[in-house]
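This report refers to the structure that appears directly beneath it.
Bear in mind that the values in this text are calculations on the coordinates, not laboratory data. All values derive from a computational prediction rather than experimental measurement. A quick note on method: Cβ atoms are made from the backbone with ideal geometry, for glycine too, and the neighbour counts reach across all protein chains shown.
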Amino acid sequence: MIRNVLRSARAAAPLLFFCLLATCSAQATIRYEISLANPEQHLFHIAMTIPGVKDEVTIQMPAWNALYQIRDFASHVQEVTAFSGATKLPVEKIDKQTWRIRGSGEITVRYATYWDDPGPFGTQLNSHHAFINPAMILMYVPDRRAEKVVVTFADLQADWRLQSPGRIITLQAGIPKFTWMEEPNYDSLTDSPIEVGKFDGFGFFAADGEAPVTVVVDSDNWHRFVIERQLRAICEYELKLMGGAPYPHYTFILHIGSGAEGAGGGMEHADGTAINVPSDEQLAGIAAHEFFHLWNVKRIRPASLEPVDYTKEQFTRSLWFAEGVTSTYGSYTLVRTGLWSKEQFLLDLSDRINDLESRPANKWQSAEQSSLDAWLEKYPWYNGPDFSVSYYTKGQILGVLLDILIRDKTNNAKSLDDVMRLMNDEFAKKNKPYNDNADIEASMEKVAGASFADFFREYVAGTEPLPYADILHRAGLEFRETSVARATTGFAADRGTGTTMTVREVDSDSPAWKAGLRPGDTIVLWNGGNPPRSLAGWTRRRKPGDALRLSVVRNGAQSELDFALGESKEVSRQIAEDANAGEKARRIREGILTGKTQAAAAAHAPN
């Protein structure tokens, strides 16, 4: 994620903003020119001008941004050169992302960087559009990140527009270059994604003529009425919940359908978000999550992520709260605005619990450790059920359980909502980060007037089984578990491009292992025919004890293996309203679904 920097309000009229930049740009320290010439080549051509250099300057390209992954953006960079006027300067590469340039005065660094990576976490340039996460293409001077920056765009198509949080400009034919954005520092610039192209869009005010929201849509099939109704409901509810807008102008950048290639999902920014979804039917859940990031993680921010270090991993134990509890509020927003029914809310919570409990890693990886290990998510195997649990999933569940406990301890007079507002007042509005899990726990204890030490020790830092039945019962909810016997082959395998299948792993106590199947074996025949295209699909249609004959090849020799399918117990968990719940539990249940508390002030109890 990128650093939280609150921006000053920008001029509402594009022409006025352009004029203001014309008078202010001379004061900027670092200037960037981004050329989008020949977009079909996917090359951004960058000129970075650094004034006031004495003897030498060091420049760097971030190693990470947007995702908690080291992605080495420098690997996309080509032909770094430097000039002082017309004089070419020596450039020395120090490490994979750092260059040293010797010279004085005003130095211009030129380079190209190749990007055709679609999605909200990527950067892309093609003949259709450009989407830019600035940290992926713009270098910085490590000891001058706090200085002002100005960005100029050049070589754009005349009918393209640009949008970034807080500004929109329509280009006119014959204008090959213009200064478009000024930011107070490099970190603020990296928190300003940019969409360039022939997009559609609309705007609205989310709070009584205030809190303006701009919606940019890159899609050939979208429904304005559906999107506007959903986004209005989400923004209005969350702004009321948290006591007003922390931004001057918010922007949704939406890639929908054919405009949503690449990774799906959303990426939060200080004054906006970029979202990719296959259709507008999938938008509401992601939008509710991303908009709540305005507070949680962008302004209510853990100290372990401050200040941003673009050169290496930054470890935090609090992503279960920053991301997971944000998912709690995504689901709360949907049910409390009527975009979900209460049945959909309970089904979603049931699904999250089933997902968490189906992962063997849940027995040993805590919410804290999952947060710390986020930097391993770029490795596909790490995301498997034996290696990790999701801090999103576990954090969302923990958020609901903590909310119920707060309501239970205070007779439904206080809730998790009060914790979020307290942390907003104590940390975000005072522009200071919180001390990770210690301050989260302390805030909950302050609101509830009771200790949460055991809960945090056992279920946040520890891996004790979550007490679903006990806590959900306090909210008038029944936790049901049913067990079903399923057939299992006892091994995992991958189908290649042909008709064979390669064994990846074999359970050591399974009938398959006892019959002699081993990792690396190639299955050429399956019950006398080709191996199935879907191992899971084939197994679902069988019963424990059914016979399986495999012809396998190992070290050039073929052999026949016969064994019976094993049995596994599949546990399904479901949450439903408890018809026999007591009066207090019913009030807590109603509070969870509506956001109400017994002593809620009108300003903090949006309907």
Using the alpha-carbon centroid of each, what span in Å lies between the stretch 376-404 and the stretch 563-588? 20 Å
Note to self, the chain gives a 222 nm [θ] from helices alone (DSSP H runs n ≥ 4, -39500 (n - 2.57) apiece, / all residues, nearest 500) of -7000 deg cm²/dmol
Quick one: compute a quarter of the convex hull surface over the Cα atoms of the stretch 200-294 and quote it in nm². 5.3 nm²
Order of R541, R102 from fewest to most other C-beta atoms within 10 Å? R541, R102
Any idea what the alpha-carbon Rg over 2.2 N^0.38 Å comes to for the stretch 67-162? 1.22
Can you put E195, E236 in order of Cβ neighbours within 10 angstrom, beginning with the fewest? E236, E195
The stretch 490-564: relative contact order from alpha carbon pairs under 8 Å, six or more residues apart, as a whole percent, is 26 percent
Which of the aspartates and glutamates could a cross-linker bridge to K363, judged by Cα under 15 Å and excluding same-chain residues fewer than eight apart? D355, D386, E458, E464
Value of relative contact order over the chain, rounded to a whole percent, pairs C-alpha under 8 Å and six or more apart: 11 percent
Just to confirm my numbers, what's the Cα centroid distance between the stretch 499-557 and the stretch 188-222 in Å? 52 Å
At a 10 Å Cβ-Cβ cut-off, how would you order Y68, Y140, Y391, fewest neighbours first? Y68, Y140, Y391
Under the Kirkwood approximation for Rh and a Cα-based Rg, what ratio Rg/Rh is obtained for the stretch 438-526? 1.29
When a/c reaches 1.5 or more, the comparison of a/b and b/c decides; with that in mind, is the stretch 490-564 rounded, prolate or oblate per its Cα gyration tensor? rounded
Taking N as its residue count, the alpha carbon Rg of the chain over 2.2 N^0.38 Å: 1.08
Reduced to Cα centres, the span from the stretch 128-143 to the stretch 72-94 in Å works out to 16 Å
Folded to 0 to 90 degrees: helix 14-24 orientation relative to the chain principal axis, Cα: 60 degrees
